[in-house]
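Engineer: Structure incoming, see below.
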Amino acid sequence: MARDSHHPSLTRRKILRFKFLIPFVLVLSVSVIAVTQYFQSISYILRPLWDTPPTPFTRIPHYYAPNISMQQLCQLHGWGILPSPRRVFDAVLFSNELDILEIRYRELLPYVDRLVILEANATFTGIPKSLSFYENLSRFAFAGSKLVYDMLSIGELDTDHRRQPFNVEAYHRRSLNMLIRRSGIAVGDALIMADADEIPSPETVQLLKWCDGIPPVMHLEMKNYMYSFEFPVDDNSWRASAHVFTEHTLYRHSRQSNLILADAGWHCSFCFRDIKEFVFKMKAYSHADRVKQQSFLNPDRIQKIICNGDDLFDMLPEEYTFRDLFKKMGPIPKSASAVHLPSYLIKNADKFKFLLPGGCLRSK
């Protein structure tokens, strides 16, 4: 009888434990799903807790005004003047940025000696692509005498490991080194390393061309824009760089110096004319894994995001402090200014109205 009297109590305790176990399992399951689904967002919003910012750049003040001699401009920077201009070579990888590349080359043509460009027959993610630069050579006939062009076959990469997007990108950049050396560059020439959508200003190139004593390697600080020049993000685009060429110089698109020249140009990312070009790049570049859902590629969604200044991948800003993170959350504020932009863009505003304030609507 005594054993029987304890049985209901044991049963109740088991039921109570089971009742507590159910919500625990539910909370754990939901947590695992949330972390799996939103790991990137959680990681980004907590980045100030787990990551530290890189060493700050030492910014070189940039002086310019019209009708001032190059000698005076070089002196303002603490440099001397060369007796004759240094040759300047410009080297880029190309994918499908025809419009922004035309603006870039029109802007640089009077000041550079060679325009070195490499394009591949497939994207960083292995998607076959046409040789759009080669197919549009007539559009760039104005630069023909200065162009040094080659095509890269991605078919040469024959293992899964080497086909990882960032490995393919690195293979592109190594191949560009070989093309640079075939371009006729020599020790002492200036070499600009950049992506096609990073445009050094003419004032910057003139300093590289005429000033004696410039740093052997310095990054070029560029105004950062998204979708068009209507959406300025910040002034923190830094990957473009300028080098006084040596036999050891290698093409890279990463940190190579602690020096950076302030206000040295423009970086216009995803600055395409047609929606299909947005879709292509979203699937093609090294960060294609950010396309978490097929709906991200919906043309109507992309059009709405372009006009609102939202993020194509529904991501939080990549910042190292909570202050910067919260400051950049939400849409990019629109700018009504078209001042201090590439001159060829303004001279041909009708042709490139999609890159100017009020021109957010794109062709599909």
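The values are calculated or read from the model by the stated rules, or taken from the named source; none is laboratory data. Everything numeric in this text was worked out from a predicted model, so none of it was measured. Glycine also receives a Cβ, built like all others from the backbone with ideal geometry; neighbour counts cover every protein chain displayed. The accessibility values were calculated without ligands, DNA or RNA, using every heavy atom of the protein model including side chains. Shrake-Rupley method; radii C 1.70, N 1.55, O 1.52, S 1.80 Å.
Engineer: Kindly list the number of the only condition in (1) surrounded by 15 or more Cβ atoms within 10 Å (Cβ to Cβ); (2) part of a helix (DSSP H, G or I) that fails for Asp263.
Structural biologist: Condition not satisfied by Asp263: (2).
Engineer: Related question: Are any residues in segment 68-88 within 20 Å of Ile260 (Cβ to Cβ), open to solvent by 60 Å² or more (accessible area, probe 1.4 Å) and assigned to a loop (DSSP other than H, G, I, E, B), and if so, which ones?
Structural biologist: The answer is Gly78, and nothing else.
Engineer: Sticking with this structure for a sec: Please work out if Ala91 is modelled with pLDDT of 65 or more and surrounded by 15 or more Cβ atoms within 10 Å (Cβ to Cβ). Spell out how you get there, then give the answer.
Structural biologist: Values: modelled with pLDDT of 65 or more: yes; surrounded by 15 or more Cβ atoms within 10 Å (Cβ to Cβ): yes.
Yes: the conditions hold for Ala91.
Engineer: Taking Glu247, is it in a loop (DSSP other than H, G, I, E, B) and surrounded by 17 or more Cβ atoms within 10 Å (Cβ to Cβ)?
Structural biologist: Against the criterion (in a loop (DSSP other than H, G, I, E, B) and surrounded by 17 or more Cβ atoms within 10 Å (Cβ to Cβ)), Glu247 does not qualify.
Engineer: Hey, another quick one. Please go through segment 283-313 and pick out each residue that is modelled with pLDDT under 90 and not β-branched (Val, Ile, Thr). Break it down into steps so the answer makes sense when it comes.
Structural biologist: From segment 283-313, those modelled with pLDDT under 90 are 283-293; that's our starting set.
Once the filter is applied, which keeps residues that are modelled with pLDDT under 90 and not β-branched (Val, Ile, Thr), segment 283-313 yields Lys283, Ala284, Tyr285, Ser286, His287, Ala288, Asp289, Arg290, Lys292, Gln293.
Engineer: With respect to the numbered conditions (1) at pLDDT 90 or above; (2) among the small types (Gly, Ala, Ser); (3) part of a helix (DSSP H, G or I); (4) in contact with a strand residue (DSSP E or B) (Cβ under 9 Å, 6 or more places away or on another chain), which one is the sole condition not fulfilled by Ser138?
Structural biologist: Among (1) at pLDDT 90 or above; (2) among the small types (Gly, Ala, Ser); (3) part of a helix (DSSP H, G or I); (4) in contact with a strand residue (DSSP E or B) (Cβ under 9 Å, 6 or more places away or on another chain), the lone unmet condition for Ser138 is (4).
Engineer: Quick test of your reading of the structure: Ser237 fulfils all but one of (1) in contact (Cβ under 8 Å) with a residue 60 or more places away in the chain; (2) crowded, with 19+ Cβ neighbours inside 10 Å; (3) in contact with a His (Cβ under 8 Å, 6 or more places away or on another chain). Name the failing condition by number.
Structural biologist: (1)
Engineer: I've got another one for you. Kindly indicate whether Ser335 is small (Gly, Ala, Ser), outside the structural domain of Ser201 (by the TED database) and open to solvent by 40 Å² or more (accessible area, probe 1.4 Å). Spell out how you get there, then give the answer.
Structural biologist: Details: small (Gly, Ala, Ser): yes; outside the structural domain of Ser201 (by the TED database): yes; open to solvent by 40 Å² or more (accessible area, probe 1.4 Å): no.
In short, no.
Engineer: If you don't mind, there's one more thing I want to ask. Give segment 329-345 a look and list any residue that's out of contact with any helix residue (DSSP H, G or I) (no Cβ under 8 Å at 6 or more places or on another chain), modelled with pLDDT of 90 or more and over 19 Å from Glu97 (Cβ atoms), or say none.
Structural biologist: Narrowing segment 329-345 to residues out of contact with any helix residue (DSSP H, G or I) (no Cβ under 8 Å at 6 or more places or on another chain): 329-330, 332-337, 339-341.
So of that shortlist, the ones also modelled with pLDDT of 90 or more come out as 330, 332-337, 339-341.
Gly330, Ile332, Pro333, Lys334, Ser335, Ala336, Ser337, Val339, His340 - these are the residues of segment 329-345 that are out of contact with any helix residue (DSSP H, G or I) (no Cβ under 8 Å at 6 or more places or on another chain), modelled with pLDDT of 90 or more and over 19 Å from Glu97 (Cβ atoms).
Engineer: Residues in segment 38-67 that are under 26 Å from Ser237 (Cβ atoms), open to solvent by less than 100 Å² (accessible area, probe 1.4 Å) and of a type in the set (A, V, I, L, M): how many?
Structural biologist: 4
Engineer: Out of the residues in segment 314-327 meeting the condition of being open to solvent by 60 Å² or more (accessible area, probe 1.4 Å) and under 19 Å from the mean Cα position of the chain (by Cα), tell me which one is modelled with the highest pLDDT.
Structural biologist: So the residue we want is Asp314.
Engineer: Can you tell me how many residues in segment 339-362 are open to solvent by 40 Å² or more (accessible area, probe 1.4 Å) and hydrophobic (A, V, I, L, M, F, W, C)?
Structural biologist: 3
Engineer: Going through segment 94-143 one residue at a time, which ones are open to solvent by 40 Å² or more (accessible area, probe 1.4 Å) and hydroxyl-bearing (Ser, Thr, Tyr)?
Structural biologist: Tyr111, Thr125, Ser130, Tyr134, Ser138 - these are the residues of segment 94-143 that are open to solvent by 40 Å² or more (accessible area, probe 1.4 Å) and hydroxyl-bearing (Ser, Thr, Tyr).
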